[in-house]
Amino acid sequence: MRGGFKPLEGQVIIVTGAASGLGLEAARLAAKAGAAVVLAAGDDQAVRAVCAELGQSGGRVHPVAADAASEAGCDRVARATAARFGRIDSWIEAGGGEAALAHAAKALSLHLGERDEPTALVGFGRRMGRAARGELRQAKGRIAATLIRLPRDWRPDSPAKAAAQAALHAVARPMGSMAVAAKGQRLSTVTAARKHPGVMAGLGVGVLALAGVALWLGRGRLSGAAEAVRPRVARAVRPAVLGAVRRRPLQAAKLAAKHPRQALKIARALR
């Protein structure tokens, strides 16, 4: 892909499952941010009512009645979007699960044409299905997908704002994967940190500093205090350390091989 992702306010975004819940929240936030939004859902009356509400607030919105869980439904949404706005920049799939995500990827591939700009696809769930991964491979890099993992306690009436905000971040800056913390109130600690690369770089230094403090506290007369503080320090920094290792396993392995004793001490401190 030769181009870059458009700012959110300049995008044409499809949101499926937009009549209620997570899809509705994502559509509202996207319209408020200035994007042109196509709201798609199986219930024609409901999606038109939502569009009328958003349109009164100045949003550039367009309703499409279609079943996003079917291939024909996703193709209909893509054709309607291209006819109304001339292009598709992003697709947020919030209603039909794994099957709908695969159909959305296929519909995007068919309607991208020869454009240089990349297209973002965002889905919610626990995993990216095999069919969706296959469609993304067929797209040959023209679609950047982000899967937002919802917590196991997620319900249709769970707070949707944090997950919807994550989706809008991903359409402009795809991240591959994101995660929502338990009860849906916020993003996971690692995801929140990954949204800000500069913070993550500083956090890496902070992790080493905190680990060093934890090790130092284990010496001499402060050994008693160390036993109380060490678990708290470990809980605070463990997610960031594990996330950094998963993203850069080769660099982490090289660093551990170069400084084995220090790596072992840090691993023990963070247990």
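The table for this structure:
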{"read-out": "Some residue of the range 8-25 being more than 24 Å from residue 103 (Cβ to Cβ) and touching an Asp or Glu at 6+ places or on another chain (Cβ under 6 Å)", "value": "no"}
{"read-out": "Strands (runs of 3 or more DSSP E) wholly inside the range 112-188 containing at least 2 residues that are modelled with pLDDT of 90 or more, surrounded by fewer than 20 Cβ atoms within 10 Å (Cβ to Cβ) and not charged (D, E, K, R)", "value": "177-179"}
{"read-out": "Residues located in the range 189-198, provided they are surrounded by 15 or more Cβ atoms within 10 Å (Cβ to Cβ) and outside any loop (DSSP other than H, G, I, E, B)", "value": "189, 190, 191, 192, 193, 194"}
{"read-out": "Residue list for the range 48-92, restricted to those being in contact (Cβ under 8 Å) with a residue 60 or more places away in the chain and either within 17 Å of residue 26 (Cα to Cα) or assigned to a helix (DSSP H, G or I) (or both)", "value": "77, 78, 81, 85, 88, 89, 90, 91, 92"}
{"read-out": "Subset tally (residues that are in a helix (DSSP H, G or I), out of contact with any Ser or Thr (no Cβ under 7 Å at 6 or more places or on another chain) and crowded, with 18+ Cβ neighbours inside 10 Å) for the range 22-45", "value": "9"}
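The values are calculated or read from the model by the stated rules, or taken from the named source; none is laboratory data. Note that the structure is a prediction, hence the values are computed from the model and not measured. Cβ coordinates were reconstructed from backbone atoms using ideal geometry, including for glycine residues, and neighbour counts include every protein chain displayed.
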